[in-house]
Amino acid sequence: MAPFDYVILRAAPRIQRGEFINVGAVLYCRALDYLGAGWDVKPERLRALDPAVDVDVVCASLDQIRAICAGEAAGGPAAGTTISERFRWLAAPRSTVVHPGPIHSGITEDPAADLERLLDAFVR
């Protein structure tokens, strides 16, 4: 068993209103050298908060987060850092359409399976 940290990713189509929908998760497990992200966007839920939301922009932001976790060049400069630095960067508060919630923790034997469990519990 190994400890892990995670954040739930939230989309706020109209940030000034403070309303958001959970759209993804990032899970980091240092002991198992794991950093992963998953997302599941329901356009109709986003449009309930803002009928003019650009769903493609939200999905592109989430795909960039996935690329950062994977250390892919598409993730930009943040993708070239250590996985610990990448998680801290992704978990830092920001005022953007897609932003992280608070950091929470857990214990895992299989971080990829726990990422899916988090997506099922908080996003899907």
### Task
Collect the residues in region 110-124 that are part of a loop (DSSP other than H, G, I, E, B), more than 15 Å from Phe4 (Cβ to Cβ) and not basic (Lys, Arg), keeping them in residue-number order.
Val123
### Query
Right, Val53: hydrophobic (A, V, I, L, M, F, W, C), crowded, with 17+ Cβ neighbours inside 10 Å and not in a helix (DSSP H, G or I) or not?
yes
### Query
How about region 20-49: which of its residues are among the acidic types (Asp, Glu) and over 17 Å from the mean Cα position of the chain (by Cα)?
Asp33, Glu44
### Query
Taking the condition over 17 Å from Phe122 (Cα atoms), part of a helix (DSSP H, G or I) and of a type in the set (A, V, I, L, M, F, W, C), does Ala60 pass?
yes
### Query
Which number in (1) modelled with pLDDT of 95 or more; (2) at negative phi; (3) exposed (fewer than 15 other Cβ atoms within 10 Å of the Cβ) marks the one condition that Leu35 misses?
(3)
### Query
Only one of (1) out of contact with any strand residue (DSSP E or B) (no Cβ under 6 Å at 6 or more places or on another chain); (2) under 23 Å from Ala121 (Cβ atoms); (3) modelled with pLDDT of 95 or more is not met by Ala91, so which one is it?
(1)
### Task
Output the residues belonging to region 10-22 that are touching a helix residue (DSSP H, G or I) at 6+ places or on another chain (Cβ under 7 Å) and crowded, with 21+ Cβ neighbours inside 10 Å.
Ala11, Pro13
### Query
Scanning for something crowded, with 20+ Cβ neighbours inside 10 Å, touching a Pro at 6+ places or on another chain (Cβ under 7 Å) and of a type outside the set (Phe, Trp, Tyr), does region 82-91 turn up at least one residue?
yes
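Please go through region 71-109 and pick out each residue that is small (Gly, Ala, Ser) and assigned to a loop (DSSP other than H, G, I, E, B). Break it down stepwise before answering.
The initial filter retains those residues of region 71-109 that are small (Gly, Ala, Ser), namely 71, 73-76, 78-80, 84, 91-92, 95, 101, 105-106.
The answer is Gly71, Gly76, Ala92, Ser95, Gly101.
May I ask you to list the residues in region 79-98 that are touching a residue at least 60 places away in the same chain (Cβ under 8 Å) and closer than 12 Å to Arg30 by Cα?
First, pick out the residues of region 79-98 that are touching a residue at least 60 places away in the same chain (Cβ under 8 Å): 87, 90-91, 95-98.
Passing the criteria: only Phe87.
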### Message
Quick check on my filter: what residues within region 28-39 are of a type in the set (A, V, I, L, M, F, W, C) and not in a strand (DSSP E or B)?
### Response
Ala31, Leu32
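Is it the case that Ala25 is outside any loop (DSSP other than H, G, I, E, B), at pLDDT below 95, surrounded by 14 or more Cβ atoms within 10 Å (Cβ to Cβ) and in contact with a helix residue (DSSP H, G or I) (Cβ under 7 Å, 6 or more places away or on another chain)? Write out each step before concluding.
Details: outside any loop (DSSP other than H, G, I, E, B): yes; at pLDDT below 95: no; surrounded by 14 or more Cβ atoms within 10 Å (Cβ to Cβ): yes; in contact with a helix residue (DSSP H, G or I) (Cβ under 7 Å, 6 or more places away or on another chain): yes.
Criteria not met by Ala25.
Considering each residue of region 107-117, count those that are touching a residue at least 60 places away in the same chain (Cβ under 8 Å) and either over 14 Å from Phe87 (Cβ atoms) or surrounded by fewer than 16 Cβ atoms within 10 Å (Cβ to Cβ) (or both), and give that number. So that I can check it myself, show each step before the final result.
To start, the set of residues in region 107-117 that are touching a residue at least 60 places away in the same chain (Cβ under 8 Å) comprises 107-109, 111-112, 114-116.
After this cut, where a residue has to be either over 14 Å from Phe87 (Cβ atoms) or surrounded by fewer than 16 Cβ atoms within 10 Å (Cβ to Cβ) (or both) as well, the list is 107-109, 112, 114, 116.
Here the count works out to 6.
The values are calculated or read from the model by the stated rules, or taken from the named source; none is laboratory data. Nothing here was measured: the structure is a model prediction, and the numbers come from that model. Reconstructed Cβ throughout: ideal geometry from the backbone, glycine too, with neighbour counts over all protein chains shown.
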